[in-house]
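The values are calculated or read from the model by the stated rules, or taken from the named source; none is laboratory data. This is a predicted model, so every value here is computed, not measured. FYI the Cβ positions are ideal-geometry reconstructions off the backbone, even for glycines, and counts take in every protein chain you see.
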Amino acid sequence: MPTRIAGLIFLSLFALSQGMRDAYFGHAFQSVNFLFVAVLAFSLSIIVFLGFATARSPDSVALMFRAPRQLLAMNVLTAMAWLCYLFGLIWLEPAVVATFHNGLGPLVILFTAHFGLSHKQSKISPAEGICYAGIGLSLLALALVVVTDNSGLAARDPVMQAAALGVVAIGGVAVTIGYIFTRWFTDFGARSEAVMGTRFLLALLVAGTALFLFETNAPMPAPQQIPWLGITVFALMVVPSFCVQMGVSRTTPLVAHVFRSLGPVCVFVVQQFDGRLHFSGGTLICIIGFSVFTIGASLVRGWSEVKGT
């Protein structure tokens, strides 16, 4: 199978799994400490992928540590992205979190490419440019829906909801730039498992320290819940993240983040089964607009990627 096709398949799998992931954790964080979930997810990722990479290709792991500045930058950005994302799920409806966390990706990549901070993209056609402008306008409209308390999750604290929206947007920028560094490592010769096993080291340290120092309203899970929670975390957080990593290493950054942006469609559908949320016409309109423009950009860019142009 051609490398580009495999990359698109991995990214599509991530988008499909994101609906279950965001909806599940948006509900779970009302009863489980989100920092504990973060520690569990990051620990499993490091143990599984770093262990596998060390056994299969120790040279690849060593290569990661031969670029300490890039490794630190990747870890800082990954920690920011995931902790912002998990925090956002406490205060915002999952579809909003997914849209901002993933939807900013194509716009950030275009911005960084323009200033020479990432891979130079092929020429953007007028139709594709219109799609990216539509993505930006859809995000602005969705932000307005949230701050006016018209989203699917009633505002328990309007100030915190607005702050969470900003935090998630920061996380969306961080995760996008972080994937530029993961692509740099794979281009440098590192295997995806080695990258996946080393990018959560700082995130684990930060989440573990915060869990020890700070108290939250959500309690710790009961001991009998931890095995099931661990399986769920690995299936819904760690595996999809690896799918993105595999996709990013096999496509251009812009393609990767356009396909990541398809996730909110799945999230909005699945979250309708969450009893905490009510149907929001404003969120639906913004998601539909965002989806139309994202799918348009995906088709144009995906076709050019398959043709190798």
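Points to keep in mind about this one:
- The helices (runs of 4 or more DSSP H) found entirely in segment 201-280 that carry 1 or more residues being closer than 21 Å to Cys84 by Cα, of a type outside the set (Ser, Thr, Tyr) and at pLDDT 70 or above are 201-213, 226-233, 239-248, 263-271.
- Check on Thr309, under 21 Å from the mean Cα position of the chain (by Cα), of a type in the set (S, T, N, Q) and either over 24 Å from Ser45 (Cα atoms) or modelled with pLDDT under 75 (or both): no
- Test: Ala190 is over 22 Å from Pro264 (Cα atoms), of a type in the set (A, V, I, L, M, F, W, C) and out of contact with any Gly (no Cβ under 6 Å at 6 or more places or on another chain): yes
- The residue that is surrounded by the most Cβ atoms within 10 Å (Cβ to Cβ), counting only those in segment 122-159 that are closer than 30 Å to His278 by Cβ and at pLDDT below 80, is Gly152.
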